[in-house]
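Working notes, beginning with the structure itself.
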Amino acid sequence: MSEFPAGRIAPDERARVPRADPWLVALDVDGTVMHEDETIDAAVVDAVASARDRGHLVTLATGRSWATTAPVLAHLGLDPEYVVCANGAITMGRDDTEPSGYARVHVETFDPTPVLERIRGFLPAGKFMVELPDGFRLYTEGMSDWNLANAREVVFEELLDQRATRVVVTSLEHEVEEFLALVDRMGLHHVSYAIGWTAWMDIAPDGVNKATALERVRGWLDVPIDRVIAVGDGRNDIEMFTWAGAGGRAVAMGQAPDEVKAAATEVTGSIAEAGLAEVLRTLP
C-alpha cells in the first residue's frame, strides 16, 4: 500500500477531455477511497484522476462533515461542482468567493432532542456528537477517536434543543452485532439512521440520505439516471445503491457487509485490493 502524498492539493495539470456523455460518479470515502489509517492507494488516486480527466463528474458522497471531507477532495485533486456530506444532510456547491472554494447550497436540519433522549435511555454510557448547520460540532466526553477540530466538549444536556444536520452515537462497550440488536429495540422514528462497521450510528433528518442529495445533484447537473455510478461499502450506502442501481450502476466494495452487497448491482475488490480503481477503469 502506498500513501498518497499529503502535500499534493492541486488537480493534475493534464488536459481534461470534455465528454458529451459524462457519468456522475459518486464515491463513498471511508472504506472505499480511503483506508482506516486515512491513506489512499496510489492506484486509486490515479484512477480517480483518470476518470476526471476523461470528463466524468467525479464527486464524494460521505457521512463525513465538510471539514473532514475537504482534505480528501484536495488529496484526490478533485473540485466537483457539488459534494454530498453528512449522509445527505449537507450539499456543498463550488463557490470561488469562499475561502474553502465551497458554500453550503442545501442543508437539512432536525431537532435531535427526542432521539437523543431515547437513545440515552438504552445507552446511558453512550458517547454523543451533534453537528450544527454551520459545521461546528458539540460532543460529550469520550469521543476521543474522532477528529475534534471545530468542535467543543459539552455535557449531554447541551446537545438538546439544537438544530442539527447529523448526530453520531457510539458505544465502546458493545460489539457491532450487539449494537445492531440494541438499536433495533430502540424503535427510532422520524429520523434516518445508519450503522457503521463498529458500534457507532449516524442519524440524519427523516427521509434524508445520500440518495436524496445525489438525486438533487443529478438534476442540477442534468445527468441521465442511466449514467450514474455509486461506489461504497457501508450500511449508509444502501439507499444510494437503490438509487443508482435503478438505472445505472451500484458497486459494493468487496469487504462490505452482506446486506450492503445485496443492495448493489455489482461487487468489486476490497479496499485492500484497491477495488475502486478496478471499477473506475471500466468507465468509458
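Just so it is clear, none of the values below were taken in a lab; they were calculated from the coordinates. Just so you know, these numbers come straight off a predicted model, no measurement behind them. All Cβ positions, glycine included, derive from the backbone under ideal geometry; neighbour counts span all protein chains shown.
The table that follows gives values for the structure above.
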quantity	calculated
Neighbour net charge for P205 - beta-carbon separation under 11 angstrom, K R +1, D E -1	-1
Label corresponding to Rg/Rh (Cα atoms, Kirkwood Rh) when calculated from the structure given, among (1) 1.12; (2) 1.06; (3) 0.95	(3)
Dipole magnitude (debye, nearest 20) for the stretch 12-148, charges at Cβ of Lys, Arg, Asp, Glu	280
In the stretch 116-166, the trypsin sites (Lys or Arg not before Pro) that fall in loop regions by DSSP, at most 14 other Cβ within 10 Å	R163
Beta bridges per DSSP with both ends in the chain, % antiparallel, nearest 5	60
Cα-projected label distance for W146 with R216, points at 7 Å along beta-carbon direction, nm	2.2
Residue with peak Gaussian network fluctuation, the chain [Cα springs, cutoff 10 Å], from T39, T97, T212	T97
Loop-resident sites, the stretch 243-284, for trypsin sites (Lys or Arg not before Pro), counting at most 12 other Cβ within 10 Å (DSSP)	R281
Convex hull of Cα atoms in the stretch 81-175, direction-averaged projection (nm²)	6.8
Highest-MSF residue in the chain out of N236, N87, N150 [GNM, Cα springs under 10 Å]	N150
Within the stretch 113-205: Cβ-based charge dipole about Cα centre, in debye rounded to nearest 20 (Lys, Arg +1; Asp, Glu -1)	240
Residue exposure sequence - M143, M186 - by fewest surrounding Cβ within 10 Å	M186, M143
Given charges at Cβ of Lys, Arg, Asp, Glu: the chain dipole, positive-most of G142, P71, P224	P224
GluC sites (Glu not before Pro) restricted to the stretch 51-155 and DSSP loop, no more than 11 other C-beta within 10 Å	E141
Debye, to nearest 20: dipole size of the chain, +1 on Lys, Arg Cβ, -1 on Asp, Glu Cβ	760
Contour minus Cα-Cα distance for E266 and D95 (0.36 nm per residue)	58.1 nm
Derived scalar couplings ³J(HN,Hα) [the stretch 40-48; Karplus, 6.51 cos²θ - 1.76 cosθ + 1.60; whole Hz; x for Gly, Pro]	10, 5, 4, 5, 6, 4, 5, 5, 5
For the chain, with +1 on Lys and Arg beta carbons and -1 on Asp and Glu, the positive-most of G269, I238, G93 along the dipole	G93
